[in-house]
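A.B. asks: Mind looking over this structure? Questions follow.
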Amino acid sequence: MSKQNIRARVLILAVATAGSMAVASAALAGECPADKMKANAREKVDYKPVGVTDVTLGSIDLGKQPAHIEGRDLRFRKLTIEPGGIVPWHSHDDRPALIFVQQGEIVEYASNCEVPITHKAGEIRPEVFGTSHWWKNLGKETVILYVGDVRKDPNDHNM
């Protein structure tokens, strides 16, 4: 087995272990109150990334794995958002993700929620079909997010 295959297997195990530990020990992230859910509650905004560092820690071509999910990559990333930082508007219609808030507190502005949603350290936010949003760090502390997502387009560098 090549060193690259060993690294890929170790990464898969690490992601799975971290994900299961996070799910077991973390609360689901803040959610939109049921009475505030509304389709197209928020329009797309054209903010650019501000104070955000997005580092891919590893990725796996899922077409080369036993699942044979052609044209998809499993990515694991670390996002660091400085105070006042913005993660710009993006959609998860074709890119499901799990976001773990490791440090800080950040506010989400979702297309299907009339009010902002606050996410705190220790929470996990699932992002699935129908999720379009942007995030802002309104606090004084740097926010650190760990993101596992399934990317279809290798040129998709959306946060």
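A.B. asks: State the percentage of accessible surface on segment 23-127 attributable to carbon and sulfur atoms; use a 1.4 Å probe and exclude ligands, DNA and RNA.
C.D. replies: Answer for segment 23-127: carbon and sulfur cover 53 percent of the accessible area.
A.B. asks: From the protein chains alone at 1.4 Å, what is the descending order of accessible area for Glu43, Glu127, largest first?
C.D. replies: Glu43, Glu127
A.B. asks: Also, I was wondering about something else. Which of the peptides 32-42, 129-139, 49-59 is most tightly packed, and how do the rest follow, going by the mean number of other Cβ atoms within 10 Å of each residue? If you can, show how the numbers build up before the last one.
C.D. replies: Details: 32-42: 12.0, 129-139: 18.3, 49-59: 14.5.
Output ranking for 32-42, 129-139, 49-59: 129-139, 49-59, 32-42.
A.B. asks: Moving to a separate point now. Taking 0.36 nm per residue of separation and subtracting the Cα-Cα distance, what length does fully extending Val115 through Lys44 add?
C.D. replies: 24.1 nm
A.B. asks: What is segment 108-159 by shape, rounded, prolate or oblate, if you read a ≥ b ≥ c off the alpha carbon gyration tensor as root eigenvalues and call it rounded for a/c under 1.5, prolate for a/b larger than b/c, and oblate otherwise?
C.D. replies: Taking the square roots of the gyration eigenvalues as a ≥ b ≥ c, segment 108-159 is oblate.
A.B. asks: As a test of reading the structure, rank Arg72, Arg95 by solvent-accessible area (1.4 Å probe, protein chains only), most first.
C.D. replies: Arg72, Arg95
The values are calculated or read from the model by the stated rules, or taken from the named source; none is laboratory data. Quick caveat, the model's predicted, so the values are computed rather than measured. Using ideal geometry, Cβ is built from the backbone for each residue, glycine included, and neighbour counts are taken over all protein chains shown. Areas reflect the complete protein model, heavy atoms only, side chains present, ligands, DNA and RNA absent. Shrake-Rupley method; radii C 1.70, N 1.55, O 1.52, S 1.80 Å.
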